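Taking it in order: structure first as C-alpha cells, then the write-up.
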Amino acid sequence: MVAAVLLAGAVGIGLGGLMVGSAPFTLQEVLGVLTGAGTPAQELVLLEFRAPRVVAGLAVGASLGLAGALTQTFARNPLATPDILGVTSGAALGAVAAICLGGGIYAVGVPLLALGLPATAAVGGLVTAALVYGLSWRHGIDSYRLILIGIGVTAALSGVTSYLIAQAKITDAQAAAQWLVGNLSGVSWASVWPVVAVLAVVAPVAAFQTRNLSAGQLGDELAVGLGVPLGRHRLIVIACAVLATAAAVSASGPVEFAAFVSPQIGLRLARSARPPLAASALVGAVLVAGADLLVRGVLPGERPVGIITAMVGAPYLIWLLTRRRGKGEEL
Amino acid sequence: MTADGAVPALAAEGVTLTYDREPVFESLSLAIGEGQVTTLVGANGSGKSTLLKAFGRLLAPRAGQVSLSGRRLSTMPTRQIARQLAILPQKPLTPPATTVRELVSRGRHPHQAWLRPWTGRDAAAVEAALEATGLAGLAERDASTLSGGQMQRAWIALVLAQETPLALLDEPTTFLDLAHQLEVLGLVRRVNQERGTTVLMVLHDLWLAGRFSDRLIVLAGGRVVADGTPWEVLTPATLREAFGLEAEVMPDPVTGTPLVVPAAGSGAGGPPRPGRL
Ligand SMILES: Nc1ncnc2c1ncn2[C@@H]1O[C@H](COP(=O)(O)OP(=O)(O)OP(=O)(O)O)[C@@H](O)[C@H]1O
Ligand SMILES: [Mg+2]
C-alpha cells in the first residue's frame, strides 16, 4: 500500500522532471515524446538532455535508499549508513584525485567527466569497501567491528581528500567541492546506465534476503538457530549495499543524507520492524529526483542536489519523529 | 552410542570448545538421549551456555565432532538443522515495532522458502504456541512493551512454533516469578511428553531442575562432575564440589524429587565458586 503510493509518487516526479527545465514541456508533449510521437527537436531535449538526469535522480535515490536500508538493518543501528562501509569516502577520494591530480577538470575535458570520473570513483569506493571488509574479518564479520573500522578508514580517507583539495588549483578545488555535495548536472546516459544496471541486479538479490534480515533482528544466535546462513547472508547484504552505493556515488557524487533518511522515512511510513527495502528505495528515488526537480525548476541558479536532499529530508524526518509516537519509534 | 545401542539425539565426541583464550572444555564426550529432558547445571561461568552453543552449532568445536541423530552437524545445511533443533539463547534481541504474534511467527523461518511462503500450517503452529504459553490475549501487543516474564514466554512460544523434535533452552525461566517458572517448566515437560520433544536446557534452580528433568549433568572446572538421575546427582558431595555449597538433600514432600536445602551459614564464608572470575 505504502509502496504503491510511493511508486506513483516516483512516476509523477519522473514525469514532472521531464516537463521542467529551461524549455518547459506540457504533460501531453512529454507523453507524446515518450510514445514516439514528438518532433525531433523535442526528442533531443527530452531524451538526450533531460531524461538521463531524471533517470539518474531516480536510480541514484533508489540505490542509496536500498543500501541504507540494508546497512541499517544489518548493523541494527539507524546511524549505520553505507558510508560506514567506506564506499563513499573511497569514491570521494577517487573522484577528487581524478579532478585534482588528473591534470584538472578542464584539461581532461568532457570525456573524463562523463566516464573517467565515475570510473575512478567506483574503483575508489570498491577498493575501500574491500579493505574495510578485509580488516574487519576475524573468524567472520562482526558488525560492530566493521562499523568501527569503517569509521576509522573514512576519517583517514577524508583527511587525504581534504589535503588534495587544499593543494589543488582553485578551479579544481571548486569542481571537487561541487562533486562532493552530490550533483546531477553533469550526467549523461553513459553515466546513468551503470547505476540502473547495478540496481537491476542488486535489488532482486537483496529482496531474497528479506526474511533473513527479519530473522537477523533477533540476534546472531537466534538467527543461526532459525537456520540463517549468517556468514553468507552478511556477505550478500554488504556486497549489495557496497555495489549500490558505489554505483550511485560514482554517477552523482555523495548525495548527502539520502541513504540515512530514506530508510528511516520508509520505516515510519510502513510502520514496520525494520526499514522495508522496496519502500526505502522508493523514498530515496522520490527524495533525490524530487530534490533535483526543485533544483532545476524552482530555485534560482543551479544548486547541487545534495544540498536540497539534506535540507528537505532531514526536517521531514524530524517532523515524522516528533509527530508519531509508539510503533516504529525506537529504530 | 548410548548403552542400549540407540543413536543419541545429540552427541559430542571429544569436543574442545574455545573462545579466544584457554579452552572451556577439552575432549569432552557427552550423549543426549532421545525423548528425555536433560538439564545442565553448574556455577556461573562453568560452561553451560558454551556447551549448549556447541550442541546448537553456534560455536564450532576446535576439535572433535557434534552429531545430530548420528549425522555430523558440520556437514548439514544450517536450515535443515533448524527444522530439527530449536535454540533459545540466553540473550535474544527483541526487535522494535513487532507484535507478539509477529515475533512468534519468526519461529516458522526454517519451514518457509520462496516457493513455499506462509501457509495455514504455519499459522496453526503459531496459534498453538501462543495458546500453550498463555499469550493468546497478548498476541497483538508490541513485544517491547511486555514484562520480563511475558517476554520470556514469548521466546518459548517462538521455539514451540519452530516445531522441532529437539529444543535447546538456555535459562528459560530467567525473569519469571515462581508461579511462572513452574508453569513454563510444566509446559516444557508437557511438550516433551506429548510431542516427544527432546529437551536440553540450562537451569540454575536445583530444586526445579530435579523436579522437571529425567537427567541432570553437573559441570564444573571444564568437565562433567556428575551425570545421572536427579537423585543420583544431587548429593551433598557433588554440591560441595560443583558449587562450593554445604547443603542437605531431602525428598520434596509434594513430588518426592530431591530438595536441596543449604546448611545454616553457607553462602557467608563458603569456599570460592569454581570457574568464577
Ligand atoms: N563470547 C565469549 N568470548 C570469550 N569468552 C567467553 C564467551 N562466552 C563465555 N566465555 C567464557 O567461557 C566460560 C564459560 O561461559 P558460559 O557462558 O558457558 O558459562 P555459563 O555456565 O553459561 O554461565 P552463566 O550461568 O553465568 O550463564 C566463562 O569463563 C566465560 O567467561
Ligand atoms: Mg549461560
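The values are calculated or read from the model by the stated rules, or taken from the named source; none is laboratory data. Since we're looking at a predicted model, the values are computed, not measured. Cβ atoms come from the backbone with ideal geometry, glycine included; neighbour counts cover every protein chain shown.
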For region A:226-242, does any single residue satisfy the condition of being within 23 Å of A:Tyr316 (Cα to Cα), assigned to a helix (DSSP H, G or I) and not hydrophobic (A, V, I, L, M, F, W, C)?
no
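For (1) over 21 Å from the mean Cα position of the chain (by Cα); (2) farther than 18 Å from A:Ser188 by Cα; (3) not aromatic (Phe, Trp, Tyr), each residue gets a yes or a no:
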{"residue": "A:Met1", "(1), (2), (3)": "yes, yes, yes"}
{"residue": "A:Gly17", "(1), (2), (3)": "no, no, yes"}
{"residue": "A:Gly21", "(1), (2), (3)": "yes, no, yes"}
{"residue": "A:Phe25", "(1), (2), (3)": "yes, yes, no"}
{"residue": "A:Val33", "(1), (2), (3)": "yes, yes, yes"}
{"residue": "A:Pro52", "(1), (2), (3)": "no, no, yes"}
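Would a scan of region B:36-59 turn up a residue that is more than 18 Å from B:Glu171 (Cβ to Cβ) and aliphatic (A, V, I, L, M)?
Restricting attention to region B:36-59, the residues satisfying the condition of being more than 18 Å from B:Glu171 (Cβ to Cβ) are B:36, B:57.
Subsequent filtering for residues that are aliphatic (A, V, I, L, M) retains none.
Checked region B:36-59: no residue is more than 18 Å from B:Glu171 (Cβ to Cβ) and aliphatic (A, V, I, L, M).
Please note which helices (runs of 4 or more DSSP H) are completely contained in region B:25-105 and include at least 2 residues that are more than 10 Å from chain A (Cβ to nearest Cβ) and in contact with a strand residue (DSSP E or B) (Cβ under 6 Å, 6 or more places away or on another chain). Give the derivation first.
Working: elements: B:48-55, B:78-82, B:100-105.
The helices (runs of 4 or more DSSP H) meeting that bar are B:48-55.
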Taking region B:25-58 as the search range and keeping residues that are surrounded by 22 or more Cβ atoms within 10 Å (Cβ to Cβ) and over 24 Å from B:Leu185 (Cα atoms), which one is farthest from ligand 1 (Cβ to nearest atom)?
B:Leu28
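If you scan region A:213-229, which residues turn out to be without any contact (Cβ under 8 Å) to a residue 60 or more places away in the chain and in contact with a Lys or Arg (Cβ under 9 Å, 6 or more places away or on another chain)?
Initially, region A:213-229 is screened for residues without any contact (Cβ under 8 Å) to a residue 60 or more places away in the chain, giving A:215, A:218-229.
Listed by number, the residues that qualify are A:Ala215, A:Leu218, A:Gly219, A:Glu221, A:Leu222, A:Val224, A:Gly225, A:Leu226, A:Gly227, A:Val228, A:Pro229.
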Restricting attention to region B:59-86, and to residues there that are surrounded by 20 or more Cβ atoms within 10 Å (Cβ to Cβ) and among the aliphatic types (A, V, I, L, M), which single residue is nearest to ligand 1 (Cβ to nearest atom)?
B:Leu59
Quick count over region B:227-246, residues being part of a strand (DSSP E or B) and under 12 Å from B:Pro258 (Cβ atoms), is 1
Find the residue count for region B:221-273, including only residues that are in contact with a Phe, Trp or Tyr (Cβ under 8 Å, 6 or more places away or on another chain) and either at pLDDT below 90 or closer than 30 Å to B:Thr18 by Cα (or both).
3
Every residue from region A:180-218 that is within 14 Å of chain B (Cβ to nearest Cβ), assigned to a helix (DSSP H, G or I) and within 18 Å of A:Leu66 (Cβ to Cβ)
A:Pro204, A:Val205, A:Ala206, A:Ala207, A:Thr210, A:Arg211, A:Asn212, A:Leu213, A:Ser214, A:Gly216
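Kindly indicate whether any position in region A:87-104 is surrounded by 20 or more Cβ atoms within 10 Å (Cβ to Cβ), among the polar types (S, T, N, Q), more than 26 Å from A:Gly159 (Cβ to Cβ) and within 14 Å of the chain's Cα centre (by Cα).
No, every residue in region A:87-104 fails to be surrounded by 20 or more Cβ atoms within 10 Å (Cβ to Cβ), among the polar types (S, T, N, Q), more than 26 Å from A:Gly159 (Cβ to Cβ) and within 14 Å of the chain's Cα centre (by Cα).
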Region B:15-24, subset in a loop (DSSP other than H, G, I, E, B) and among the β-branched types (Val, Ile, Thr), residue nearest to ligand 1 (Cβ to nearest atom):
B:Val24
Within region B:73-101, track down each residue that is farther than 21 Å from B:Leu169 by Cα and either in contact (Cβ under 8 Å) with a residue 24 or more places away in the chain or charged (D, E, K, R) (or both).
B:Pro96, B:Ala97, B:Thr98, B:Thr99
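Quick one: which helices (runs of 4 or more DSSP H) lie wholly within region A:1-47 and hold at least 3 residues that are of a type in the set (A, V, I, L, M)?
On the way: elements: A:2-19, A:27-34, A:40-43.
Ranges flagged: A:2-19, A:27-34.
Out of curiosity, is B:Val37 modelled with pLDDT of 95 or more and within 16 Å of ligand 2 (Cβ to nearest atom)?
Numbers: modelled with pLDDT of 95 or more: yes; within 16 Å of ligand 2 (Cβ to nearest atom): no.
For B:Val37, the condition - modelled with pLDDT of 95 or more and within 16 Å of ligand 2 (Cβ to nearest atom) - is not met.
Picking from B:Arg62, B:Arg71, B:Arg101, which residue would you name as being more than 16 Å from ligand 2 (Cβ to nearest atom) and modelled with pLDDT of 95 or more? Working first, answer last.
Working: B:Arg62 fails: modelled with pLDDT of 95 or more; B:Arg71 fails: modelled with pLDDT of 95 or more.
Exactly one residue qualifies, and that residue is B:Arg101.
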Test for A:Leu267: is it within 20 Å of the chain's Cα centre (by Cα), within 14 Å of another protein chain (Cβ to nearest Cβ) and assigned to a helix (DSSP H, G or I):
yes
Six or more apart or on different chains, Cβ atoms under 9 Å: show the pairs whose first residue is in region B:166-177 and more than 15 Å from B:Leu51 (Cα to Cα) and away from chain A (no Cβ under 13 Å) and whose second is within 16 Å of ligand 2 (Cβ to nearest atom) and in a loop (DSSP other than H, G, I, E, B).
B:Pro172/B:Leu203; B:Thr173/B:Leu203; B:Thr173/B:His204; B:Thr173/B:Asp205; B:Thr174/B:Gln90; B:Thr174/B:His204
Can you list residue pairs whose Cβ atoms sit under 6 Å apart, with the first residue in region A:62-76 being on the phi > 0 side of the Ramachandran plot and the second being of a type in the set (Phe, Trp, Tyr)? Count only pairs 6 or more apart in sequence or on different chains.
none
Given the conditions (1) away from every other protein chain (no Cβ under 12 Å); (2) modelled with pLDDT under 95, every one holds for B:Ala124 apart from (2)
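For region B:106-121, how many residues meet the condition of being among the aromatic types (Phe, Trp, Tyr) and either at the interface with chain A (Cβ under 9 Å from one of its Cβ atoms) or in contact (Cβ under 8 Å) with a residue 60 or more places away in the chain (or both)? Walk me through it before giving the result.
At the first step, the residues of region B:106-121 found to be among the aromatic types (Phe, Trp, Tyr) are B:114, B:118.
Pick out the ones that are also either at the interface with chain A (Cβ under 9 Å from one of its Cβ atoms) or in contact (Cβ under 8 Å) with a residue 60 or more places away in the chain (or both) and you get B:114.
Selection size over region B:106-121: 1.
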